[in-house]
Amino acid sequence: MNPVQLVESPIELSQWEKSLQDVDSGAHAWFAGVTRRKTKASDGQIRITATLHYEAHPTMAVKELQQLADQAKDKFGLLKVVIVHRLGEVPLGQASVLVGCCSAHRKDAFLALPWIMDRLKEDVPIWKRETYEDQQTEWIHP
Amino acid sequence: MSETHAAINVQLFAKFREVAGCDQLQVVLPNGLPCTADQVLKQLAAQLPEVALLIPQCRLAIDDAYVAADHVIDDLNAQFAVIPPVSGG
C-alpha cells in the first residue's frame with residue numbers, strides 16, 4: 001500500500017497501522033484530522049457545518065505530500081511516514097487526513113506530526129468547501 | 001500563434017473553478033512571451049474580477065511544482081495551474 005495517498009472512501013486507522021511496522025522502531029505516532037461541526041467566523045459568530053467537501057490538484061498534491069514525507073524522514077530521522085488525505089464528501093466526525101510516523105525513540109515521532117501537518121496546511125494543493133446548516137457553501141481560502 | 005498574442009491554459013481549482021464555471025481558462029498574455037508568473041496571475045485577476053482580491057495570495061504552479069513570482073515562462077505547452085490559498089487537513 002502506497003504510504004502517501006489521496007482516497008475517496010473513509011480512512012480507517014486499522015487499515016494503515018501495519019504500514020509503520022519496523023523492528024527498529026520503538027515509537028508509532030498517529031494524528032487524525034477530523035471534520036468539525038462548529039466554526040468561529042471572523043465576526044465571532046459560530047457557524048454550524050452540515051458537511052464538508054475536499055478537492056485537490058491530484059498529481060501535484062501527491063507530489064507535494066511525497067516531498068513532505070521525505071523531508072520529515074530526513075529532518076526527524078523517521079523510519080516510515082504515512083500520509084492519507086480524503087477527497088470528496090466527508091461527513092462530520094470522520095477523518096479527512098491521517099498522518100502516521102515511526103522512529104526509534106518517541107521524541108522524534110512526537111515532533112514530526114505537528115511539523116508535517118503545519119506544512120501540509122501551507123503547501124499541499126487541497127481545498128475544503130463548507131456546507132453550512134442553512135445550505136450556504138463556502139470555499140475556504142485562509 | 002505569434003508571440004505577441006500568446007495565451008496559456010491555466011487549470012482552476014476550488015473557488016476559482018466555481019467562479020469561472022470551468023476547470024480550465026485561457027489566459028491571454030497581452031505582451032506575449034516571455035512573461036513572468038506574476039504577470040500571468042495579474043492577467044487572470046483581470047479576467048476573473050470576482051476573485052481578484054485573492055490573487056495576491058495565489059501561487060502559480062507549472063508541471064506540478066510551485067514557481068516564484070519572478071519565474072520567467074517561455075514554454076506555452078507546460079501545464080499551468082493557479083493555486084489559491086490551500087485548506088487541506
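Given axes a ≥ b ≥ c from the Cα gyration tensor, I'd like to know whether segment A:81-142 is rounded (a/c under 1.5), prolate (a/b larger than b/c) or oblate.
It is prolate, given that a/c is not under 1.5 and a/b is the larger ratio.
Taking the Cα centre of the protein assembly as shown as the origin, how large is its charge dipole in debye, to the nearest 20, when only Lys and Arg (+1) and Asp and Glu (-1) carry charge on their Cβ atoms?
On the way: 21 positive and 29 negative charges, 164 e Å.
So the magnitude is around 780 debye.
With a Förster radius of 30 Å, plug the Cβ-Cβ distance of residue B:47 and residue A:1 into 1/(1 + (r/R0)^6) and report the FRET value to the nearest 0.05.
Values: r = 42 Å, r/R0 = 1.40.
Taking R0 as 30 Å, the efficiency between residue B:47 and residue A:1 is 0.10.
Add -39500 (n - 2.57) for each DSSP H run of 4 or more in chain A, then divide by its residues: what number comes out at 222 nm, to the nearest 500 deg cm²/dmol? Present the calculation step by step, with values, prior to reporting the outcome.
Numbers: 3 runs with 41 residues, N = 142.
Only helices count here, giving -9500 deg cm²/dmol.
Helix-only mean residue ellipticity at 222 nm, chain B, DSSP H runs n ≥ 4 weighted -39,500 (n - 2.57), per residue, nearest 500. What is it? Walk me through the numbers before you get to the answer.
Details: 2 runs with 18 residues, N = 89.
The per-residue figure over chain B is -5500 deg cm²/dmol.
Given R₀ = 25 Å, what would the calculated FRET efficiency be for residue A:110 paired with residue A:39, taking r from the Cβ atoms and rounding to 0.05? Show your work: numbers first, answer last.
Details: r = 28 Å, r/R0 = 1.11.
Working from the Cβ atoms, E equals 0.35.
By how many degrees, 0 to 90 and rounded to 10, does the Cα axis of helix A:58-76 deviate from the longest principal axis of chain A?
That helix lies at roughly 40 degrees to the long axis.
Each residue of segment A:15-26 in order: what ³J(HN,Hα) in whole Hz does its phi give by Karplus 6.51 cos²θ - 1.76 cosθ + 1.60, θ = phi - 60°, with x for Gly and Pro?
6, 10, 4, 5, 5, 9, 4, 7, 5, 8, 8, x
Quantify how strongly other chains surround peptide A:122-131 by giving the mean number of their Cβ atoms within 10 Å of each of its Cβ atoms.
If you average over the peptide's residues, the count of other-chain Cβ atoms is 5.
Compare the Cα positions of A:95, A:48, A:4 along the charge dipole of segment A:1-114 (+1 at Cβ of Lys, Arg; -1 at Cβ of Asp, Glu; about the Cα centre) and return the one farthest towards the positive end.
A:48
Return the subset of A:63/B:15; A:80/A:128; A:38/A:107; A:18/A:63 for which the Cα-Cα distance in this structure is over 25 Å, preserving the input order. Please report the intermediate quantities before stating the final value.
Working: A:63/B:15 22 Å; A:80/A:128 27 Å; A:38/A:107 32 Å; A:18/A:63 23 Å.
In this structure, A:80/A:128; A:38/A:107 exceed 25 Å between Cα atoms.
So how strong a dipole does chain B carry about its Cα centre when Lys and Arg Cβ are +1 and Asp and Glu Cβ are -1, to the nearest 20 debye?
Charge dipole, chain B, about its Cα centre: 280 debye, nearest 20.
Could the peptides A:97-109, A:51-63 be put in order, highest first, of the mean number of other beta-carbon atoms found within 10 Å of their residues?
Result, highest mean Cβ count within 10 Å first: A:97-109, A:51-63.
Translational D (Stokes-Einstein, µm²/s) of the protein assembly as shown at 20 °C and 1.002 mPa s when Rh comes from the Kirkwood sum over C-alpha pairs? Could the numbers behind the result be given before it?
On the way: Rh = 19.2 Å.
Once the numbers are plugged in, D ends up at 112 µm²/s.
If packing is taken as the average number of other Cβ atoms within 10 Å across a peptide's residues, how do A:27-37, A:10-20 rank, most packed first?
Numbers: A:27-37: 16.0, A:10-20: 13.8.
In decreasing order of mean packing, A:27-37, A:10-20 become A:27-37, A:10-20.
Could you give the distance between the Cα centres of segment B:1-74 and segment A:16-79, to the whole Å?
29 Å
Could you work out the per residue convex hull volume over the alpha carbons of segment A:6-129, in cubic angstrom? Present the calculation step by step, with values, prior to reporting the outcome.
On the way: hull volume 13.5 nm³, N = 124.
In segment A:6-129, the Cα convex hull volume per residue is 109 Å³.
Take the eigenvalues of the Cα gyration tensor for segment B:3-78, scale each by 5, and report the square roots as semi-axes in whole Å, largest first. Let's see the in-between values first.
On the way: eigenvalues 69, 36, 29 Å².
Over the Cα atoms of segment B:3-78, the ellipsoid semi-axes are 19, 13, 12 Å.
Bear in mind these aren't lab numbers, they're just calculated from the coordinates by the rules spelled out. Nothing here was measured: the structure is a model prediction, and the numbers come from that model. FYI the Cβ positions are ideal-geometry reconstructions off the backbone, even for glycines, and counts take in every protein chain you see.
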